[in-house]
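**Q** Below are the structure tokens for one structure; questions will follow.
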Amino acid sequence: MQVNDAVALEDALLALAMVGDLSMGQPIDQSRRTARLAQWLMQASGGDQAQIAAVQQVALLRWSGCTANAEGFMRLLGDDVGGRRDMLAHTLDAAGQRAMLRTTPLAVVHCEVAGEVARTLALGSDVEHGLRHIFECYDGSGRPLGLRHPDVPQVVYQVVLAGDLEILSRAHGLEAALEWIVAQGDRRYPAALVATLSRHATDWLQALRTPEVAQPRTGPEVPLTLVGDVIDLKLPWLAGYSRQAANLVRDAGRLWSLPEPRIELLAKAALIHGLGRAAVPNRVWSTPGPLLDGDLESVRLVPYWTHRACSQIDGLSEAGQLAAYAYERLDGSGYFRALGGEALQAEHRLLSAALAWQALRAERPWRAALDDDQAARLLQDEAEQGRFDLRACQAVISAAHGEQAPLTSKPGNGLLSERETQILQRISGGASNKEVARDLGISPSTVRTHVESVFRKLQCSTRAAATLKALTLGMI
């Protein structure tokens with residue numbers, strides 16, 4: 001029996017919007033505020049209901065590709081979260097501005113992944129096309145293709161202009177924001193659209209202070225696994241991590257005879273437990289050994305941000321509350337609430353044990369994966385020292401050992417060959433062509449040929465997009 005991980009489309013869009021906001025160093029309502037501004041701008045420009053809906057969805061998903069290129073921004077700016085925050089607020093130092101001249105490959109990754117998200121959610125060609133060209137400019141100075149007006153999708157102008165107003169007015173005040181925006185007329189976006197915005201900017205920003213009225217969920221249901229996949233793209237070595245955790249905690253929950261509705265909730269919590277991870281720079285996650293106090297504090301806030309974001313999404317509120325217990329420990333040494341003992345219910349204990357097992361069994365940049373025996377011994381030792389529930393650990397270990405059921409479809413889902421699937425699994429985890437060649441005993445040129453074939457079959461040109469698509473299709 002499979003767990004139903006479906007959620008309303010509107011809830012998935014909001015979750016992806018908040019992942020993007022945190023990744024870009026923004027408040028978790030930045031994309032929602034931009035969506036409202038873009039909606040009003042489209043209405044003032046005479047847009048119809050279909051155009052208004054498209055501009056709202058593009059605004060919510062504008063940053064949905066930014067987890068996929070976080071590693072690249074870390075290498076360029078040192079801090080993918082803070083660096084992109086400064087980029088959006090126009091406060092980058094001289095070195096950062098020079099580094100931005102080398103971001104075209106990162107824009108390619110971002111746009112392809114964002115477009116793939118829209119395609120997977122079946123949002124329509126206008127939304128997908130807009131996201132695939134979200135960094136293009138009126139005068140051809142944008143990325144990744146350097147399109148010029150009128151080839152730039154209209155929805156791009158609406159969303160980018162609304163986003164600039166939202167961010168720059170917060171960072172520098174309305175007067176300075178409008179001065180910069182006006183100077184970008186017929187450069188970044190059409191001057192006529194800037195004039196429309198300028199007439200209404202004061203009133204619209206004031207209107208944003210009034211909370212948006214919640215609308216009934218009328219859209220289709222979509223898989224929550226996509227949200228987990230996008231979260232995991234932030235770190236190359238986390239591809240598929242949330243899916244695996246959801247499967248493990250589901251099986252452990254059944255071994256513990258939990259009711260099916262609670263198991264379903266547990267699986268959803270596992271899929272979104274890492275949402276708050278987007279707020280922490282990749283540098284922190286890749287640091288071997290003990291963290292500095294400041295970095296450790298940012299890690300301790302991960303479940304807080306997960307809880308804070310999900311509490312604002314009707315369909316994920318309960319799962320988000322459960323996910324916020326992911327790193328609590330029985331002895332009170334966990335975070336972010338430092339709860340323990342009777343405050344931790346069966347679901348909390350299973351989730352924390354399952355995630356700990358999953359982390360121990362996974363390779364990290366600074367250590368190899370522990371084998372089953374090593375992971376089991378370590379987890380049981382932790383339980384004996386009072387940090388985990390021993391019965392929960394035993395259920396998780398038993399569930400992990402029972403995940404050898406035959407696949408319902410052959411590797412690659414019939415689209416990829418067995419060798420292509422092997423290679424895709426390795427590159428999705430961050431391995432280079434040379435590393436894959438060494439592991440499989442083949443030449444790097446052979447690996448490159450297989451990678452090109454995988455990209456062609458999946459209609460992708462970047463590893464991040466291929467990983468996301470393969471996960472969505474159940475190929476890896």
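**Q** Highest mean first, what order results for 61-73, 126-138, 332-344 on Cβ atoms within 10 Å?
**A** 61-73, 126-138, 332-344
**Q** Calculate, for Ala343 and Leu174, the FRET efficiency according to 1/(1 + (r/R0)^6) with r their C-beta to C-beta distance and R0 51 Å; round to the nearest 0.05.
**A** The computed FRET efficiency comes out at 0.65.
**Q** Could I ask something else about it? Rounded to the nearest 20 Debye, what is the dipole magnitude of the range 411-472 about its Cα centre when Lys and Arg each give +1 and Asp and Glu each give -1 at the C-beta?
**A** Approximately 120 debye in magnitude.
**Q** What order do you get for 322-328, 351-357, 368-374, 199-205 when each peptide is scored by the mean count of other beta carbon atoms within 10 Å, highest first?
**A** Per-residue Cβ counts within 10 Å, averaged per peptide and sorted highest first, yield 351-357, 322-328, 199-205, 368-374.
**Q** What is the sum of charges around Pro211, taking Lys and Arg as +1, Asp and Glu as -1, for the other residues whose C-beta is under 15 Å from the C-beta of Pro211?
**A** The answer is +1.
**Q** Further question: Can you give me the long-range amide H partners of Arg364? Hydrogens built in the peptide plane at 1.01 Å from N, cutoff under 5 Å, separation of 5 or more residues or another chain.
**A** Here Ala369 satisfy the definition.
**Q** Tell me which of Leu76, Ser317, Leu378 sits at the most positive position along the dipole axis of the chain, charges placed on C-beta atoms (Lys, Arg +1; Asp, Glu -1).
**A** Leu76
**Q** Next question, about the same structure. Could you sort the peptides 306-319, 171-184 by per-residue average Cβ neighbour count (10 Å cutoff), highest mean leading?
**A** The packing order, highest mean first, is 306-319, 171-184.
**Q** Give, in nm to one decimal, the length gained when the segment between Arg217 and Ser257 is fully stretched (0.36 nm per residue of separation minus the Cα-Cα distance).
**A** This chain segment gains 11.2 nm when fully extended.
**Q** Could you tell me which residue out of Leu350, Val280, Val155 lies farthest along the dipole of the chain toward its positive end? Charges go on the beta carbon: Lys and Arg +1, Asp and Glu -1, centred on the Cα centre.
**A** Result: Val155.
None of the figures in this text is laboratory data; all of them are computed from the coordinates on show. Treat the numbers as computed from the prediction; the structure is a model and nothing was measured. In this analysis, Cβ positions are derived from the backbone assuming ideal geometry, glycine residues included, and neighbour counts consider all displayed protein chains.
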